[in-house]
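Only one structure is covered here, and it is reproduced in the block below.
The values are calculated or read from the model by the stated rules, or taken from the named source; none is laboratory data. As the structure is a prediction and not an experimental result, all values here were calculated from the model. All Cβ positions, glycine included, derive from the backbone under ideal geometry; neighbour counts span all protein chains shown. Surface areas here come from the heavy atoms of the whole protein model, side chains and all, with no ligands, DNA or RNA. Shrake-Rupley method; radii C 1.70, N 1.55, O 1.52, S 1.80 Å.
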Amino acid sequence: MRRIALPAALALLGFASTAYAHPKLVSASPGPNATVAKPARVELRFSEKLMPKFSGADLMMTGHGGGAHEPMKVAAAVGVAGDGRTLVVTPKSPLGAGRYSVAWHVVSTDTHRVAGNFAFAVK
């Protein structure tokens, strides 16, 4: 009986740790603190599949021409790509030179909301 109980207990522990994992930002394009030419979109890749209904992002312009100003929200479409793990922010018009911030929030199947933000610049 002991031979069966130990492997079963270890399997349950492994399942429990997997079930309670939260999505983590794996990569972003443009990346945090990057300076890039005008990107057509911002992509955020996560470690787990996302629930599109509960995941989103805000793209804000925070500076222009070397100076800071009040953050201005950039009109953009936001959705989850076909892979289920990538949140895509597509601005309605090309991004001008300046500094931008992305504030994101995602939910995976564990139903816990995870949020974060980062900044990048467009030259």
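Kirkwood hydrodynamic radius for the stretch 49-110: how many Å is it when counted over pairs of different Cα atoms?
12.7 Å
Would you work out if the stretch 81-123 is rounded, prolate or oblate? Take a ≥ b ≥ c from the square roots of the eigenvalues of the alpha-carbon gyration tensor; rounded if a/c is under 1.5, else prolate when a/b is larger than b/c, oblate otherwise.
oblate
Compute the distance from the alpha-carbon center of the stretch 20-45 to that of the stretch 46-63, in whole Å.
About 10 Å separates the Cα centre of the stretch 20-45 from the one of the stretch 46-63.
Using the Karplus curve 6.51 cos²θ - 1.76 cosθ + 1.60 with θ = phi - 60°, what ³J(HN,Hα) values do you get for each residue of the stretch 116-123, in whole Hz, with x for Gly and Pro?
Values, residue by residue: x, 7, 7, 10, 8, 10, 10, 8 Hz.
Taking amide hydrogens as modeled 1.01 Å from N in the peptide plane, which residues meet the under 5 Å criterion relative to MET51, leaving out close sequence neighbours?
VAL107, SER108
Among the listed pairs LYS24/LYS92; LYS92/LYS123; LYS24/LYS123, which are separated by more than 24 Å between their Cα atoms?
LYS24/LYS92; LYS24/LYS123
Estimate the FRET efficiency between ARG45 and ALA68 by the formula 1/(1 + (r/R0)^6), using the beta-carbon distance for r and 22 Å for R0, to the nearest 0.05.
Details: r = 29 Å, r/R0 = 1.32.
Computed FRET efficiency for ARG45 and ALA68: 0.15.
Sorted by accessible area with a 1.4 angstrom probe, largest first, how do ARG85, ARG113, ARG41 fall?
Solvent-accessible surface, decreasing: ARG113, ARG41, ARG85.
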